[in-house]
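Colleague: I have a structure I would like to understand better, so I am pasting it below and will then ask my questions one at a time.
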Amino acid sequence: MSRWAAAALAGAVVVVGMIVLPSQLYTGQVRVVTAVLMFVALAQAWNIIGGLTGYACFGQVVFFGLGGYATAVLMEHANWSFWAALPVSALGGAAFAALIGMPLLRLRGHYFAIATLGVAEGMREVVTNLGWLTGGGAGITVPTVAGRGTEWLGNDGFYVLFLALAGLAVAVAALIAHSRFGYGLRAINQDEDAAAAAGVNTTRAKVVALAISAAITGLAGSAYAFQQVTIYPQRLFDVDITVIMIVMVVIGGAGTVLGPLVGAVGLQFVSEYLRQHYPQEHILVLGAVIILVVLLFPSGLVGVRSRSGLLDTIRAYRL
Amino acid sequence: MTAALETPILETRGLSRRFGALRALSGVSLSVQPGTILGVIGPNGAGKSTLINVITGHLRPSAGTVLVDGMDVTGAAPWRIAHAGVVRTFQIVKPFRGMTVRENVAISAMYGPTRGVTKRVAFEVADGVLERLNLAGLAARSPAELPVGDARRLELARALAARPRLLLLDEVMAGLRAAEIQSMVELIRGLRDGEGVTVLAVEHVVKAIAAISDEICVLHHGEVLTCGAPQVVLSDSRVVQAYLGTRYAQRDGQS
Amino acid sequence: MSSLWQATIYGLLQGGLLAMIAVGFSLVWGVMNVINLAHGAYVLLGAYTAWELHAAWGLDPLLGAVAGGLVMFVIGYAVQRLLINQIVNAPIFLTLLLTFGLQLVLVQGMAVVFSADYRSIATSYASEAFAIGDVRVPYGRLIAFGLAVVATLALVMFAKRSRTGIAILATGMDRTAARLMGIDARHMYALTAGIAAALAAAAGAMVGLVGTFSPPDAARFTLLSFVISVLGGLGNMSGALLGGLMLGVVQAWAGQYLPGTWVNAVAFAVLVGVLIVRPGGLAGRAFYESRLETA
């Protein structure tokens, strides 16, 4: 009980601090923190299927892109309010996850990773080619006029929205991690045959995990589309977004609740710094950072407790 | 056998499984009466583990049926079999390596045949089972640290936490020392006599399993060579030749 | 009708080249269960090596292919030995991440050094062609196809007949057993990676001979290698040849008959479809049965 109370107290302090924060920052800084919050939500989402369940979804961005396009299409073509489009985009992402999850979650290891990557890349082409609906490669613009819930939220408004999404994602991740369901997912991750033998309905658990993960990712995509106003398939289905989620989870520690939080905050600030100071080479440096992180922290920062622990984790996966 | 004509808790009819050209199981028909222990023995590669894998749904049979309580469950998913009260151990132990020993056992209680077990109850069940198998002192350890004997008992503890009606044991005595085998034998006997658990034990350690089995079946090249009372089966000349080998038989005869 | 034949011939010629790119990728995947996301970057490094040699000394791209192959053998060996071997036993998303990071570094590095402009290696013969009926067959593509098929078959022979090749396959099938028999697994893994890189680079020189290239193409080559490996069956080298030819033809047909950029979606549709229906690959039985990672 006291541990939960302490966690709740710490969470409350962080939330209050985060709400007050924008008043102390410049506009540009608010945008940077907003992006950090989005990646906190995305990293937590990937962690549910990739870190906790052990299914390396390399096509996670498909739920982001679908969420964004669902919102844009509903607002532009059906005159929906953003607040109606937001939850529907999340549900759409979850439904699509269940649809592809049934056949694809039978695949293990690299096969699953590649199949989901194929789905994401293929979906980008589909969206690009359905020009009458999505605007094709030229992109689609979300209406931002006042009234009927379509008014653009402004920098501070999106800050609060992404703060809420990040909070929701962390809360969902924490609930799952400590629940019976979370034990089932970890069991699947560690030995799927043994999990099934212990009575875990592995098919259902995996599909539900992917759907929850997709719903959170879809929410982020929806909010991102509204924030950006105009969206393009190249950006909304960019494989780099998936990879960044994974890097964040790995840096922080896969399968933990704290890990993706630490990883998202850390990596997003580092890459923002690189982008501002080395505009030409920042991707190159990012690649080098990824290589170093994988070699030095294969179990994540949260997993490293001491110096000898660090050496052990570095050696752990060596041939 | 003059046993009453109860519905067998487990029955297989003409169970076959091929791996490419290899016939790992062919036409295996067995039945296990409630409250008894059936020992299945046979040399390496006889198809013993395949038999369990096909029963529990970890492998699909190429032909044949599996009946639990007279109901056809052929090819059902492993968790359905588990929920029907048929719980197994693995020959190559498969602990959840990222969890503690206690969590390993609790998961079986959480997801086992008894529905609606909360996390708290599951951990109580786990503590009880660990106590019973003398693993309580290791509850907080990682399963990776356990020596063979304890790892095998953990495998059994996980199965017991599910409160099985039928327990499928895949070589739980392999690699154990004599004293450990003895305590395992007593434990299995206690499960049958004390709680009425039915057991199908696939075993390589013939003497130990013969001592507690009500019936023994011999698998050879994926087929059932013979079934019957332990002393009858073990003195059957075909069994002695096919499985134990002539030299072993002679030495055993002299002693 | 002749457009169908033209597309088919073009697809087969292109498919042979794709097979040469993919066969090493498939071998690496099969032997060490590693997917090298930097594989496409190796193709481009080979192309740029051949381009530089051609620009500096007028070296024919066929010789440039050999030179690029040698250079990339060394680099591929070193990358495996120094980087990938360090985490080869880790959960797969770590190896995927590592090779993705490598891909970023290589592709961005090439963009910085060579710029993102499209280049090609111009020769006197590549765009000359002969005709069979209405179908036009360019010499450059035919040469590239011939080299690709010969190289792929040579790899198959090497793997199945030579002492080293058998040691590589043995390591892939059971690393522990291979080590007990005195095979140095670290060296074998690095050799495999080196061979894969060399073939990819040589194929890259041929890509430069028959068309244009630019650093961002790397991701496309990697993805096509995935698709071909899955089509052909994991680690199955002659399967990769077959898969390459099939994919080449399917893509050529799609380019001929589908509107817009739908052709880009075809490879992914094929990939996902095959994974769902026959994860073991279309070309007969999977080579590494124990790696068939489907429940």
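Just so it is clear, none of the values below were taken in a lab; they were calculated from the coordinates. Treat the numbers as computed from the prediction; the structure is a model and nothing was measured. Note that each Cβ is placed from the backbone with ideal geometry, even for glycine, and that neighbours are counted across all protein chains shown.
Colleague: Using amide H atoms built in the peptide plane, which far-off residues or other-chain residues are under 5 Å from C:A129 H to H?
Modeller: Result for C:A129 returns C:Y139.
Colleague: Expressed in nm², what is the orientationally averaged projection area of the convex hull enclosing the Cα positions of segment A:31-111?
Modeller: On the way: hull surface 25.3 nm².
With the hull built on Cα positions only, its mean projection is 6.3 nm².
Colleague: A follow-up question, please. What list of ³J(HN,Hα) couplings, whole Hz, do you get for segment A:15-27 from phi and the Karplus terms 6.51, -1.76, 1.60, once you set θ to phi - 60° and write x for glycine and proline?
Modeller: Result, ordered by residue: 5, 4, x, 5, 6, 6, 3, x, 5, 9, 10, 6, 4 Hz.
Colleague: For the pair A:Y278 and A:L133, how long in nm is the line joining their label points, each one 7 Å along Cα→Cβ?
Modeller: Result: 4.2 nm between the two label points.
Colleague: Let me ask something else about it. From the residues C:Q108, C:V88, C:V43, which one has its Cα farthest along the dipole of segment C:33-139 in the positive direction, the dipole being from +1 and -1 charges on Cβ of Lys/Arg and Asp/Glu about the Cα centre?
Modeller: C:V88
Colleague: In addition: Check which residues have an amide H placed less than 5 Å from B:L10's amide H, if you skip close sequence neighbours.
Modeller: Answer set, sorted by chain and number: B:V32, B:D69.
Colleague: How large is Rg/Rh for segment C:113-212, to two decimals, with Cα atoms and a Kirkwood Rh?
Modeller: On the way: Rg = 19.0 Å, Rh = 16.3 Å.
For segment C:113-212, the value is 1.17.
Colleague: So which cysteines of the protein assembly as shown have no other cysteine's Cβ under 4.7 Å from theirs?
Modeller: A:C57
Colleague: Among A:V20, A:V127, A:V239, determine the one that fluctuates most according to a GNM of chain A built with springs between C-alpha atoms less than 10 Å apart.
Modeller: With Cα springs under 10 Å in chain A, the top fluctuation among A:V20, A:V127, A:V239 is at A:V20.
Colleague: Can you list the HN-Hα couplings for segment B:204-221, worked out from phi with the Karplus curve (6.51, -1.76, 1.60; θ = phi - 60°), rounded to whole Hz and with x for Gly and Pro?
Modeller: Result, ordered by residue: 9, 7, 5, 4, 4, 6, 4, 5, 10, 7, 7, 8, 10, 10, 10, 9, 8, 6 Hz.
Colleague: For C:K160 and C:V137, what does the FRET efficiency come to when R0 = 25 Å and r is the distance between their Cβ atoms, rounded to the nearest 0.05? The partial results should precede the final answer.
Modeller: On the way: r = 32 Å, r/R0 = 1.26.
After rounding, the FRET efficiency stands at 0.20.
Colleague: Continuing with the same structure: Just report the Cα centroid separation between segment A:92-169 and segment C:1-76, whole Å.
Modeller: 35 Å
Colleague: Please express the shape of segment C:5-52 as an equivalent ellipsoid: the semi-axes are the square roots of 5 times the eigenvalues of the C-alpha gyration tensor, given largest first in whole angstrom. Please report the intermediate quantities before stating the final value.
Modeller: Details: eigenvalues 110, 62, 9 Å².
They are 23, 18, 7 Å, listed largest first.
Colleague: Measure nothing but the geometry: give the 0 to 90° angle between the long axis through the Cα atoms of B:178-195 and the longest principal axis through the Cα atoms of chain B, rounded to 10°.
Modeller: 80 degrees
Colleague: How high is the relative contact order of chain A, in percent, counting Cα pairs under 8 Å that sit 6 or more residues apart?
Modeller: Numbers: 490 pairs, mean separation 96.6, N = 319.
The value is 30 percent.
Colleague: Next question, about the same structure. Find the relative contact order for chain B and round it to a whole percent, using C-alpha pairs within less than 8 Å whose residues are 6+ positions apart. Could the numbers behind the result be given before it?
Modeller: On the way: 490 pairs, mean separation 62.3, N = 255.
24 percent.
Colleague: Here's a follow-up. Which percent of Cα-Cα pairs in segment A:123-261 sits in each 5 Å bin, short to long?
Modeller: Calculated P(r), rounded to whole percents: 2, 8, 13, 17, 17, 15, 11, 9, 6, 2, 1, 0.
Colleague: Here's a follow-up. Quick check: net charge around B:P8, other residues with Cβ under 15 Å of its Cβ, Lys/Arg +1 and Asp/Glu -1?
Modeller: -4
Colleague: Over segment B:60-149, what portion of Cα pair distances is larger than 17 Å, expressed as a whole percent? Walk me through the numbers before you get to the answer.
Modeller: Values: 2335 of 4005 pairs.
Here the tail beyond 17 Å accounts for 58 percent of pairs.
Colleague: Stick to Cα atoms and the Kirkwood definition of Rh, then tell me Rg/Rh for segment C:20-119.
Modeller: Rounded to two decimals, Rg over Rh is 1.00.
Colleague: I've got another one for you. Of B:N104, B:V66, B:I41, whose Cα points farthest to the positive end of the dipole of segment B:1-115 (charges on the beta-carbon: +1 Lys, Arg; -1 Asp, Glu; origin at the Cα centre)?
Modeller: It is B:N104, whose Cα lies furthest towards the positive end.
Colleague: Put a dot 7 Å past each Cα toward the Cβ at C:R186 and B:T118; how far apart are the dots in nm?
Modeller: Distance between the two pseudo-spin positions: 5.4 nm.
Colleague: Let me check against my output: what whole-number percent is the relative contact order of chain C, with C-alpha pairs under 8 Å and at least 6 apart?
Modeller: Working: 532 pairs, mean separation 110.4, N = 295.
Once normalised by length, the contact order is 37 percent.
Colleague: Amide H of A:G253: which non-local residues (sequence gap of 5 or more, or other chain) have their own amide H closer than 5 Å, using H built in the peptide plane?
Modeller: When sequence neighbours closer than 5 places are left aside, the close amide H contacts are A:L301, A:V302.
Colleague: Now for a separate question. If one takes the longest principal axis of the Cα atoms in chain C, at what angle in degrees, from 0 to 90 and to the nearest 10, does the Cα axis of helix C:262-277 lie?
Modeller: For C:262-277 against chain C, the angle is about 30 degrees.
Colleague: What does the convex hull of the alpha-carbon atoms of segment C:57-195 project to on average, in nm²? It would help to have the intermediate numbers written out before the result.
Modeller: Numbers: hull surface 48.7 nm².
Over every viewing direction, the Cα hull of segment C:57-195 projects on average to 12.2 nm².
Colleague: Per residue of chain A, what 222 nm ellipticity follows from adding -39500 (n - 2.57) for every DSSP H run with n ≥ 4, rounded to the nearest 500? Before the final figure, lay out each step's value.
Modeller: Working: 15 runs with 234 residues, N = 319.
When only DSSP H runs of four or more count, the value is -24000 deg cm²/dmol.
Colleague: Compute the whole-percent fraction of alpha carbon pairs in chain C spaced more than 23 Å apart.
Modeller: Tail of the P(r) past 23 Å holds 53 percent of the pairs.
Colleague: How long are the semi-axes of the equivalent ellipsoid of segment A:87-154, taking √(5λ) for every eigenvalue λ of the Cα gyration tensor, in whole Å from largest down? Before the final figure, lay out each step's value.
Modeller: Numbers: eigenvalues 193, 55, 18 Å².
Values for segment A:87-154, descending: 31, 17, 10 Å.
Colleague: Take every Cα-Cα pair in chain B and report what % of them are more than 25 Å apart. Intermediate values should be presented prior to the final figure.
Modeller: Numbers: 13968 of 32385 pairs.
Here the tail beyond 25 Å accounts for 43 percent of pairs.
Colleague: Quick one: net charge of B:S62's neighbours, Cβ under 12 Å, K/R +1, D/E -1? Walk me through the numbers before you get to the answer.
Modeller: Numbers: positive: B:R17, B:R18, B:R23, B:R60; negative: none.
My count for the surroundings of B:S62 gives +4.
Colleague: Give the average over all directions of the projected area of the C-alpha convex hull of segment B:104-255, one decimal, in nm². Intermediate results must be reported in sequence, preceding the final value.
Modeller: Working: hull surface 42.3 nm².
Approximately 10.6 nm², given one-decimal rounding.
Colleague: Based on the Kirkwood radius over alpha-carbon pairs, what value in µm²/s does the Stokes-Einstein equation return for the translational diffusion coefficient of chain A at 37 °C and 0.692 mPa s? Each step should come with its number before you reach the end.
Modeller: Details: Rh = 20.2 Å.
Translational diffusion coefficient: 162 µm²/s.
Colleague: Looking at chain C as a GNM with Cα springs under 10 Å, which of C:A47, C:A159, C:A265 has the largest mean-square fluctuation?
Modeller: Most flexible of the set in this elastic network: C:A265.
Colleague: Rounded to the nearest 0.05, what FRET efficiency do B:A211 and A:V15 give with R0 = 45 Å and r taken as the Cβ-Cβ distance? Could you check? Write down the numbers at each step before the final one.
Modeller: Details: r = 65 Å, r/R0 = 1.44.
With a Förster radius of 45 Å, E is 0.10.
Colleague: If you average the alpha carbon positions of segment A:229-264 and of segment C:103-143, how far apart do those two centres end up, in angstrom?
Modeller: 36 Å
Colleague: For segment A:22-66, with equal point scatterers placed on the C-alpha atoms only and solvent neglected, what are the log10 I(q)/I(0) values from the Debye formula at q = 0.16, 0.20, 0.24 1/Å, to two decimals?
Modeller: -0.55, -0.69, -0.82
Colleague: Here is a follow-up. Residue-wise, which Karplus ³J(HN,Hα) couplings in Hz belong to segment C:37-49, taking 6.51 cos²θ - 1.76 cosθ + 1.60, θ = phi - 60°, and x for glycine or proline?
Modeller: With the stated coefficients, segment C:37-49 comes to 6, 8, 4, x, 5, 4, 4, 6, 4, x, 4, 5, 4 Hz.
Colleague: Could you calculate the contour length gain from A:A316 to A:S81, that is, 0.36 nm times the residue separation minus the distance between their Cα atoms, to one decimal place in nm?
Modeller: On the way: separation 235, 0.36 × 235 = 84.60 nm, distance 5.13 nm.
Answer, rounded to one decimal: 79.5 nm.
Colleague: Let me ask something else. At q = 0.14 Å⁻¹, what is the base-10 log of I(q)/I(0) for segment A:124-182 according to the Debye formula with one equal point scatterer per Cα and no solvent? Please give it to two decimals.
Modeller: -0.74
Colleague: Kindly provide the Kirkwood hydrodynamic radius of segment A:158-201 in Å, to one decimal, from all pairs of distinct alpha carbon atoms.
Modeller: Numbers: mean 1/r = 0.0846 Å⁻¹.
Taking every pair of different Cα atoms in segment A:158-201, averaging 1/r and inverting gives 11.8 Å.
Colleague: What FRET efficiency do you get for C:Y125 and B:S62 if R0 is 56 Å and r is their Cβ-Cβ distance, rounded to the nearest 0.05? Before the final figure, lay out the partial values.
Modeller: Details: r = 57 Å, r/R0 = 1.02.
Plugging the Cβ-Cβ distance into 1/(1 + (r/R0)^6) gives 0.50.
Colleague: On to the next question. Can you divide the C-alpha Rg of the protein assembly as shown by 2.2 N^0.38 Å and report the result to two decimal places?
Modeller: Values: Rg = 30.1 Å, N = 869, 2.2 N^0.38 = 28.8 Å.
So the Cα radius of gyration is 1.04 times the expected 2.2 N^0.38 Å.
Colleague: Figure the gain on full extension for B:D69 and B:T226 (residue separation times 0.36 nm, minus the Cα-Cα span) and round it to one decimal in nm. Mind dumping the intermediate values first?
Modeller: Values: separation 157, 0.36 × 157 = 56.52 nm, distance 2.34 nm.
The B:D69-B:T226 span can extend by a further 54.2 nm.
Colleague: Using a simple spin-label model with points 7 Å from Cα along the Cα→Cβ vector, what separation in nm is obtained for A:A8 and B:I92?
Modeller: Placing both labels 7 Å along Cα→Cβ, they lie 4.6 nm apart.
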